[in-house]
Structures are given as structure tokens and as C-alpha cells.
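What follows is one structure encoded as C-alpha cells, with my remarks underneath.
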Amino acid sequence: MTAVNRPPVSHHHPQETSLRDGTSRLRPRRSCLAVPGSNPRFLEKAQGLPADQVFLDLEDACAPLAKEGARHTIVDALNNGDWTGKTRVVRVNDWTTHWTYRDVITVVEGAGQNLDCIMLPKVQDAQQVVALDLLLTQIEKTMGFETGKIGIEAQIENAKGLVNIDDIAGSSPRLETLIFGPADFMASINMKTLVVGQQPPGYGADAYHYILMRILMAARTHDLQAIDGPFLQIRDVDAYREVAGRAAALGFDGKWVLHPGQVDAANEVFSPSQEDYDHAELILDAYEWCTSEEGGKKGSAMLGDEMIDEASRKMALVIAGKGRAAGMQRTSKFEAPEA
């Protein structure tokens, strides 16, 4: 399938920020909290946690006999809960099951006005995303909703999905994120460990490096976000922080959280430090000044002992964008040098 050009994302959201070059940031997803759709108590508790994104789950977190009822529980929670400041997502069942179409219809018809994205698990090829896009479009038109407003998140959980990831990443203008699903993926390639996210014994390097980088490259090629999956040792926050730090160092935008104790760690790991955020904003100010008439229309300038140019500006935009999305405030101010 030929990749399609993605138009700028226009989903309005309280935490969206625009960068100085006019491009639109996708929603913040430093922490993506999984909540069983069949558990009203957890659905209520999730509303008060400081997670950037909450996804209400109809897939693995719901037993087969609970799935039908969970659809209606989720619709009620989306329509009547207070999700202020959070990206609201529902994970449906994958297309190899018989639940998917009814998951989408019930949730979107019932709560489409209060829903930001549908997460599609176990995506193996681009056609599966196209099918969801078409179904969403039909429902939006039928219900009188804004067409194209609801985004799609694609979860990559096996070898076939990774091999087809470039086509998947370019399959729909609704697509916002690519997500690594480690547990199913590890099983699909026969990886020799039972602990999700843990390095398998006998391999001296990072066994996940290729997978994470492959997802990241496809995401960035198509202006998508890249999200790391869950870490199941939920009481070991230090280990969570270490695994999250690996993904953040590569450039991932966030990671799943399965427990309230992981939320703060994710928000911290995937936010820039105050020092880096301030420095990025200073670079943007300094570059804007030096290229202006007042600054002499120069292509580069000195910021202290550092030379900055257009490449510096692009790098600073990334850090500044993450900081702004996280609600960070500047603690320094640019002052133009004396003539």
C-alpha cells in the first residue's frame, strides 16, 4: 500500500500546544494509563490521576463474558465522568475476534463526542487500520459527528506487524501513535523470558533495541508519536523508571502505566529537565533574534559559549514542545546582546 500524506492534526485538546514554526503538536502522552473497562471503581479513580492519557480497555483487561457489558460501562464513564486535561481513548478488541465491530459501534455511537481516539491492538497490516478508519467515518456521518475527528492508535504486537510497520504508519490520516506491545510480541518471536520487558538471559545487549528503533523510525517518518508498552512489575517503580528511561533516551514520547504508582515516574522520565527546557527556549529566542532585522539577519549566533543555527533550532523545538506540553514554566529570559 502506498503511504498517504497526513494532513496536520486538528483535534482540539486543552493540552495541545503549537510550536513556533506553525506545526501542531500531537497530544501529550507521557503516561498512558490502562483501565479495565468493566471496572466502574477503577474508571472513577482514573479520572483523578495525573496521567496524560487514559485508555479504557475492552481487550485483555476484560474477560470474554464481561466485554458486552463493559462497552456500556465505558460509554457511561466517558459521557458522565470528568476527564479534563486527559486524552480519552478506548482500546477495542483486534480484528481477528468477533467483538471488534460492535465495540467500535457501541462506543463511538454512544460517546463519540467525548472520545479522542480508538486504540486498535495486534495490528498486522495497513488494511486493518483502513477498515477501522472506514467504520469510524460511517459512524461519524450517521451520527452527525465531525468526520475524521476521532484518531487511531495502532499497537504493534507481533513480527508481522513490525515487518509491515511502514505501510501501517502511512495507512490513515487518523493515525496518531504507534505503540509497542511487548508481551504478545515476545511470545510471537519465542523470546526466552517470562518477564515482560526484561532482557532475556544469554543476550548481552538490549534485545528490544531494534524493535523500539523500528517503531520509532516509522512513527517519525509519518509524523506520529511512538509509545512504549507496559511494564508488569508494577510495584518496582525503580525498574519501571529504568525501562522507561531507555525508551525516552531513544526519543519515544511516552509509556503505558498499569498502576497509579507508575504515573509520576512516566511523567518525569518523558519530560525534559527544567535546565534543558529553559535552554531550549533560550535557543529559540536567540535564533529568532539573530535572524531578524534587529539581530543582523545572521544565520547563526552565539548563546554564551555555544554557537546556534537552524539545526539547533530544530532540536530546541523538540525539547521546548515537550516542556510546553507538560505545562512547564520558564525560569530564564533571553536578553539581546548589546550592540
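The values are calculated or read from the model by the stated rules, or taken from the named source; none is laboratory data. All values reported here derive from a predicted model rather than from experimental measurement. For neighbour counting, all protein chains shown are included, and Cβ atoms are generated from backbone atoms with ideal geometry for every residue, glycine included. Calculation scope for accessible area: heavy atoms of the full protein, side chains included, ligands and nucleic acids excluded. Shrake-Rupley method; radii C 1.70, N 1.55, O 1.52, S 1.80 Å.
Structure notes:
- Nearest-0.05 FRET efficiency for Asp223 and Phe334, computed from C-beta distance (R0 30 Å): 0.55
- Surface calculation, 1.4 Å probe, protein heavy atoms: Trp83 sits at approximately 20 Å² accessible.
- Trypsin sites (Lys or Arg not before Pro) within segment 220-292: DSSP coil, no more than 14 neighbouring Cβ in 10 Å: Arg235
- At the residue level, Ser38 shows approximately 50 square angstrom of accessible surface with a 1.4 angstrom probe and all protein chains present.
- Inter-centroid distance (Cα atoms) of segment 42-100 relative to segment 144-168, Å: 18
- Spatially close Lys pairs in the chain, defined by Cα atoms under 15 Å apart and a spacing of eight or more places or different chains, total 6.
- Relative to the dominant Cα principal axis of the chain, helix 310-325 is inclined by about 50°.
- Taking Lys and Arg as +1 and Asp and Glu as -1, the other residues whose beta-carbon sits under 14 Å from that of Ala34 total 0.
- Relative contact order (percent, whole number), the chain, Cα cutoff 8 Å, 6+ residue spacing: 16
- With all protein chains in place and ligands, DNA and RNA left out, the 1.4 Å accessible area ranks Asp57, Asp305 as Asp305, Asp57, largest first.
- Computed label-point distance, nm, for sites Leu250 and Glu310 using a 7 Å Cα→Cβ extension: 3.0
- Environment charge of Leu134, counting only residues whose C-beta is closer than 14 Å and scoring Lys/Arg +1, Asp/Glu -1: 0
- Here percent of Cα pairs over 29 Å apart was calculated from the structure, and among (1) 41; (2) 31; (3) 53 it sits at label (1).
- Rounded to the nearest 10 degrees, the inclination of helix 126-143 to the longest alpha-carbon principal axis of the chain is 80 degrees.
- Sum of side-chain charges, Arg241 neighbourhood, beta-carbon under 12 Å (Lys, Arg +1; Asp, Glu -1): -3
- Contour minus Cα-Cα distance for Leu49 and Thr96 (0.36 nm per residue): 13.6 nm
- Stokes-Einstein, applied to the Kirkwood radius of segment 186-289 over Cα pairs at a viscosity of 1.306 mPa s and 10 °C, places its translational diffusion at 103 µm² s⁻¹.
- Solution diffusion estimate, µm²/s, Stokes-Einstein, segment 59-155, Kirkwood Rh from C-alpha pairs, 10 °C, viscosity 1.306 mPa s: 117
- Net lengthening on full extension, Lys141/Glu68 (0.36 nm per residue, minus Cα-Cα): 23.9 nm
- The residues of the chain expose, per residue, 46 Å² of accessible area to a 1.4 Å probe.
- Segment 232-322: GluC sites (Glu not before Pro) falling in loop per DSSP and having at most 11 other Cβ within 10 Å: Glu293, Glu294
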